[in-house]
Every structure is written in C-alpha cells, then in structure tokens.
Amino acid sequence: MEGNRTADEAALWRKEAEAIDLQSYTYDLPDDRIAKYPMEVRDQSKLMVYRGGELGHLRFTDISSELPEKTLLVFNDTKVIPARAHFKKETGAIIELLLLHPELPTRVINDAMLVTHACVWECMIGNKKRWKAGDSLSNVIQVNGFEVHLQVSYHDYERNLVRLTWDAGVTFLDLVKALGEIPLPPYLNRDTEEPDKETYQTVYANHDGAVAAPTAGLHFTPRVFDELEKKGIGKAFLTLHVGAGTFQPIKVEKVTEHRMHSEQVVFTRELINDLVQSVDHIVPVGTTSLRSLESLYWYGVKLFAGETTDFHIEKLYPYPWRETELPTAAQSLQAIADHMDAGGLHEIVGETEIFIFPGYRFRLCRGIITNYHQPGSTLILLVAAFVGNDWKKIYSEALSNDYRFLSYGDSSLLWLNGDVS
C-alpha cells in the first residue's frame, strides 16, 4: 500500500502540473518526415530501443531479441470502421460526418455495430453551417444486395447528435461499410486510398468501433508473432475504441485544462488473469494499450476502496491531490478479478479519459512499444512522463537517423526509467 500524501504535498504537485509549459514539449517536424504511406512490408520499419538512457537502432523484426522471456505484450485489438461519410444536399453543398461515439439505443460500441433500422451517434460535422437544424440528408446505397434508403437528421443540433434511420434490416456495421471510408489522420493531408483499408488496420484487429488505428501495432506480422512465440513472449488483448480526440491539439495554456475525450474500453476476465500472472512484466503495444492498462489499475483502486463499481476514469483521477492509500498493482488487479467472479462477468466495459503527463507514476507498465508522435500533443506528454527529458534525445536521434514519423511511421521500444509504483 502507498501511504497518504499531505494536503501541502498534493497542493504543490497540482501547482507544478498546472505550470507545465507546453512549449517545452514541441520540436520541429518537417512535413517530409511524416510518413504519408506505410512501409511495403510492415515489419521492415525501423526500431529504436531506449533503455537506461542508452539508444540502439534495429529493425522491427528484431523486437523479440529486446524483450525478456517473461514479457507479456498487451495489444489493442480494436478495428477501424469506415467512419467518415459524405452527403450532397440539393444545393450542391457537401456535408461530412465523422462518427465519434454511439448514444442511442446503446453506448456500448460492440453492441451499436449490430443495431438495425435506427441509431443516434455523436459526430464531427464538416460544413455544419450549410446543414441547418430541421434539415435532413438522404442517400440510397447498396448493402449486401439490398437497396437501402438512408435518412440522416439532427437528434440534438447543439451537441452534434445525429440520427440515422434506414429501411432494411441490415446492421449499422454493414451500413457504414457500404457508405463510409476509413478516416485517415488529418496530418497525412491526403485522401483515403483503397490500400488503406488493409494497411491502416493491425493484422489482429478484431472488434469494430475505432475511428483511428492503434498504430504501434501496425508493425506486427505473422512472422514477428512466430518469433515472439519461439522466445516464450506472452500476448494478451484488450479493446480500446480509439476516438478522434487522439488527434486533438492542446489549445489551452494550462495542460490540465485540456479536454480529453472519453473512450470506451473492454477487458476480459482472461486478460485480468494474464495480467495477474505477469504483473511485473507488462509491456503495452501503443499508447492506447498503455492508457487502458493504467486506467484498469485505477478502476481496481475504486473497487478496492469501495467507491463504485462503475468503470469511468476521469482525466485527473490518478493524480496525487487524492489523499488516499493506494493498493499495489497486484492488489488492484485482484480486486477486479474478485469483482468479476462475484458477478459472473466475462468482461467489463468502461470509459476512460485518463490524461498522462509528466508527474504521473506508472502502475502496471514496464515498457512501451510506440511510434513517434506530434509535437506538443498529449502523446508527447505521455512519452515524456515515461522516459523524462530523454524524450528529446529520443526524438532528436530519430530525426537524425531518418526515422519516419506519426501513424505510418517507424517504431520504438521504450523502457521505463525507474520502477513502477
């Protein structure tokens, strides 16, 4: 158990957090260093390894040689849906909808994919000024051999909640697959192309619902998995349906006031068991897996303290102005296992908006496999929380050695400076 912090210590920490200067977490990223397209062979990307302040350069096919035998790799198996759709009004105006999160008849994304006839989603709306409240959009599309008439209208104009209704018994997932396109990150500055349907998915993508890929996983191939298995490296899967908020820039002076969009996470009982057995050897693949795992710890904290059984981790919940004794990682995971067993739960579904920035103390994760992120972004802050000021050395080294940046870019394996709490 971790002891209480005094009110003075908590107040000092909060003052330091609010004083974080975002300009200290920026760097010059030339446009030609942004990978606009993926490598022809996924696992031939470059891999930089950071351990104890030292850097090394490899290919991603060498990843198994850098992982201890007891390592448990944790992957995010979400699958990107064709979440961007365009509608043409009679006036000629083009309205773009980017699906963000289901609202009705269910907020559970896996279930929302199976809805028929009608649903409501929160959307990002392009050219909204040309689509007024009370107006409707329509389209006729072919879905699995059926001619489907789709009507789109506002459910709540101010909140960008959009109602979609259609006249055939096809699922919402089938509908969007026929209607939409894969929404590439805005910084690629290009239209989605046919190959992106495959290359912007991990080879293990399994649960539809994301609007952005967990891109650290794009480097993995069956060949890499075979090498990991030969070495006895474990693998486990969770699901975090990545939202468009992952690309949202920080625009506030105090980073603690940045709005973190809530994202849905799903954990199985099997995963919890794997984590309990490998609690000292957990390495997430990607920032989405890391944020999910750290959120899971804090859910265990809530259960351990008897606060609630609802899984919702607020963005600043983990930080030390909370005066409480904290369980160890093993105790937190056991509290979750006990809760699931008592309720006969095969999986738990929750929401997290956890915000990890310098000063955060990691609870479950010993290392991370991740790509290279945008200057001044929430993900740069996460990397800086993980390796301290050495993030500058890592990114400078990557720029000096012609690494490719962002979603389709190269990879890194970073080991935590110091132990987890």
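The values are calculated or read from the model by the stated rules, or taken from the named source; none is laboratory data. Every value quoted in this text rests on a predicted model; they were computed, and no experiment measured them. Neighbour counts run over all protein chains shown; Cβ positions are idealised from the backbone, glycine included. Heads up: the accessible areas ignore ligands, DNA and RNA and are worked out on the full protein's heavy atoms, side chains in. Shrake-Rupley method; radii C 1.70, N 1.55, O 1.52, S 1.80 Å.
For region 50-80, what are the residues that are in contact with a helix residue (DSSP H, G or I) (Cβ under 6 Å, 6 or more places away or on another chain), open to solvent by less than 40 Å² (accessible area, probe 1.4 Å) and assigned to a helix (DSSP H, G or I)? Listed by number, the residues that qualify are PHE60, SER64.
Inside region 37-48, can you point out the residues that are open to solvent by 10 Å² or more (accessible area, probe 1.4 Å) and assigned to a strand (DSSP E or B)? So that I can check it myself, show each step before the final result.
Within region 37-48, the first condition is being open to solvent by 10 Å² or more (accessible area, probe 1.4 Å), and the residues that meet it are 37-42, 44, 46.
The one that is open to solvent by 10 Å² or more (accessible area, probe 1.4 Å) and assigned to a strand (DSSP E or B): LYS46.
On the given criteria, is LEU164 modelled with pLDDT of 95 or more, under 29 Å from the mean Cα position of the chain (by Cα), hydrophobic (A, V, I, L, M, F, W, C) and outside any strand (DSSP E or B)? Reasoning before the result, please.
Numbers: modelled with pLDDT of 95 or more: yes; under 29 Å from the mean Cα position of the chain (by Cα): yes; hydrophobic (A, V, I, L, M, F, W, C): yes; outside any strand (DSSP E or B): no.
Taking the combined requirement at face value, the residue does not satisfy it.
Condition check: open to solvent by less than 50 Å² (accessible area, probe 1.4 Å) and more than 19 Å from PRO82 (Cβ to Cβ). Does ASP167 satisfy that?
no
For region 306-314, indicate whether the set of residues that are free of Cβ contacts under 8 Å to residues at least 24 places away in the same chain, part of a loop (DSSP other than H, G, I, E, B) and over 27 Å from HIS258 (Cβ atoms) is non-empty.
If we filter region 306-314 for residues that are free of Cβ contacts under 8 Å to residues at least 24 places away in the same chain, which is where we start, we get 306-308.
When the remaining residues are screened for being part of a loop (DSSP other than H, G, I, E, B), the result is 306-308.
The next check asks that each one be over 27 Å from HIS258 (Cβ atoms); those that pass are 306.
Yes: region 306-314 contains one or more residues that are free of Cβ contacts under 8 Å to residues at least 24 places away in the same chain, part of a loop (DSSP other than H, G, I, E, B) and over 27 Å from HIS258 (Cβ atoms).
Across region 101-115, the qualifying residues are those that are open to solvent by 60 Å² or more (accessible area, probe 1.4 Å) and in contact (Cβ under 8 Å) with a residue 40 or more places away in the chain, and the one among them that is farthest from ASP167 (Cα to Cα) is ARG107.
Exactly one residue out of LEU173, LEU150 is among the hydrophobic types (A, V, I, L, M, F, W, C), assigned to a helix (DSSP H, G or I), over 23 Å from GLN374 (Cα atoms) and open to solvent by less than 50 Å² (accessible area, probe 1.4 Å), and it is LEU173.
In region 15-26, the residue that is farthest from PHE405 (Cα to Cα) out of those that are part of a loop (DSSP other than H, G, I, E, B) and open to solvent by 40 Å² or more (accessible area, probe 1.4 Å) is ALA19. When we screen TYR372, TYR360 for residues that are surrounded by fewer than 23 Cβ atoms within 10 Å (Cβ to Cβ), among the aromatic types (Phe, Trp, Tyr) and under 25 Å from GLU263 (Cα atoms), the only hit is TYR360.
What is the residue count in region 258-290 for residues that are assigned to a helix (DSSP H, G or I), open to solvent by 20 Å² or more (accessible area, probe 1.4 Å) and either within 27 Å of TYR372 (Cα to Cα) or β-branched (Val, Ile, Thr) (or both)? Number of matching residues: 1.
Taking the criterion of being part of a helix (DSSP H, G or I), buried (at least 17 other Cβ atoms within 10 Å of the Cβ) and touching a residue at least 40 places away in the same chain (Cβ under 8 Å), the residues of region 178-198 that qualify are LEU179, LEU188.
Under the condition of being under 24 Å from the mean Cα position of the chain (by Cα) and not in a strand (DSSP E or B), the residues counted in region 81-104 number 3.
Can we say LYS177 is under 20 Å from the mean Cα position of the chain (by Cα) and of a type in the set (Lys, Arg)? Criteria not met by LYS177.
Counting only residues that are among the acidic types (Asp, Glu) and at pLDDT below 95, how many does region 244-279 have?
Pass one, region 244-279, residues among the acidic types (Asp, Glu): 253, 257, 263, 270, 274.
With at pLDDT below 95 added as a condition, the list becomes 253, 257, 263.
Counting residues in region 244-279 that are among the acidic types (Asp, Glu) and at pLDDT below 95 gives 3.
Checking each residue in region 199-225 for being aliphatic (A, V, I, L, M) and open to solvent by less than 60 Å² (accessible area, probe 1.4 Å) picks out ALA205, ALA210, VAL211, ALA212, ALA213, ALA216, LEU218, VAL224. Criterion first (part of a helix (DSSP H, G or I), under 24 Å from ASN273 (Cα atoms) and open to solvent by less than 50 Å² (accessible area, probe 1.4 Å)) does LEU228 satisfy it? For LEU228, the condition - part of a helix (DSSP H, G or I), under 24 Å from ASN273 (Cα atoms) and open to solvent by less than 50 Å² (accessible area, probe 1.4 Å) - is met. One residue stands out in region 291-320 among those that are more than 15 Å from the chain's Cα centre (by Cα) and among the polar types (S, T, N, Q): the one that is surrounded by the most Cβ atoms within 10 Å (Cβ to Cβ), namely THR309.
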